[in-house]
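I have placed the structure first, in the form of structure tokens, so that the comments after it can refer back to it.
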Amino acid sequence: MAYQTLIVEIEDYVALIRLNRPEALNALNSTLLGELAEALKAADANEKVRCIVITGSEKAFAAGADIKEMADKSFVDMYTQNYFSDNSDSILRTRKPIIAAVAGYALGGGCELAMMCDFIICADNAKFGQPEINLGVVAGIGGTQRLTRFVGKSKSMDMHLTGRFMDAAEAERSGLVSRVVPAAKLMQEAMAVAQKVAEKSVLTSMVVKECVNRSYETTLQEGVHFERRIFFSLFSTEDQKEGMSAFLEKRQPQFRDK
Ligand code: CAA
């Protein structure tokens, strides 16, 4: 399917979704978020996809929500359109693993989009920020909540109140990203990690997502109880039998997502 604002390629069980609005540093507008929601839904439904990578350009993952699109909107417009909400929630509804491969700017909605992915790999030139305060607004698709959970209250307040950017080294130190790689190797590394994820059972990957995400929503005791129930239930799958047999037979497992 052809998109106006995305380039989507599927190869070796990995869907690569590239944000493609170079004229606006990949600023997120309604078209882009709508298309992203569609592309993610299609990837989730496609048996040839076991892992998804979202990336931008070398200069910008995404420089935020599109200020030109938003500038003249009223409260009533934003409220009645529930601006961005449904399409950004679709990222969270995606059940297959999503890796954000971030180079350059990931600001405002761009930082929030990266944080809605399952983990972030960034280039050493990456810059993260929530500079909405400079526009007289606050983050609107989860930044005040998610950044705080990633980096803690003090750093999150610092970022949101000053609008300053965080470089790749600080992002890794603070737990915002899982790995930093040289900018020239970002896509090679991100695709290699995606390939590793795609080798696993996608059924089990989806279960991992559910369990880890549950830790945001519940108490430790409830979360551990949930994990235990899920762990036991996986003994009803063919992939558990295959994974454990393969280990005992000293061979690579052939998962069938069943
Ligand atoms: N929306 C719309 N257009 C944007 C944009 C954005 N968020 N960010 C950059 N652009 C456009 C610029 O207007 C410019 O277009 P023109 O050539 O037509 O003027 C083009 O992209 C290139 O940008 P710059 O010339 O500004 O590039 P730069 O290298 O000098 O600066 C930058 C890069 C520091 C990222 C700067 O563009 C910038 O500060 N952008 C805005 C960042 C921002 O405030 N993001 C938060 C948006 S609000 C939000 O995201 C709310 C939410 O949570 C949902």
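Computed quantities for the displayed model
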| item | result |
| --- | --- |
| Cβ-defined net charge surrounding Ala60, 10 Å radius [Lys, Arg +1; Asp, Glu -1] | +2 |
| For the range 4-130: span of alpha carbons on each principal axis (Å, largest first) | 45, 32, 23 |
| The chain - Rg over Rh from alpha carbon coordinates, Kirkwood radius | 0.99 |
| Size descriptor, Kirkwood hydrodynamic radius, that averages inverse alpha-carbon separations across the range 161-238, Å | 15.6 Å |
| Of the trypsin sites (Lys or Arg not before Pro) in the range 36-69, those whose Cβ has at most 16 other Cβ within 10 Å and which sit in DSSP loop | Lys48, Lys59 |
| Hydrodynamic radius by Kirkwood, which averages 1/r over all alpha carbon pairs of the range 1-59, in angstrom | 11.6 Å |
| Links that overshoot a 29 Å alpha carbon limit, given the list Lys48/Lys153; Lys155/Lys196; Lys48/Lys127; Lys196/Lys250 | Lys48/Lys153; Lys155/Lys196; Lys48/Lys127 |
| For the range 171-191 versus the range 53-112, the gap between their alpha-carbon centres in whole angstrom | 20 Å |
| Crossing angle, helix 202-217 versus the chain [Cα axis fit, 0-90 degrees, rounded to tens] | 50 degrees |
| The chain - percent relative contact order, Cα under 8 Å, separation 6 or more | 16 percent |
| Probe 1.4 Å, all protein chains present, accessible-area order of Phe165, Phe128, largest first | Phe165, Phe128 |
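The values are calculated or read from the model by the stated rules, or taken from the named source; none is laboratory data. Keep in mind that this is a model prediction, so the values were computed, not measured. Using ideal geometry, Cβ is built from the backbone for each residue, glycine included, and neighbour counts are taken over all protein chains shown. In case anyone asks, the SASA skips ligands and DNA or RNA and just uses the protein heavy atoms, side chains included. Shrake-Rupley method; radii C 1.70, N 1.55, O 1.52, S 1.80 Å.
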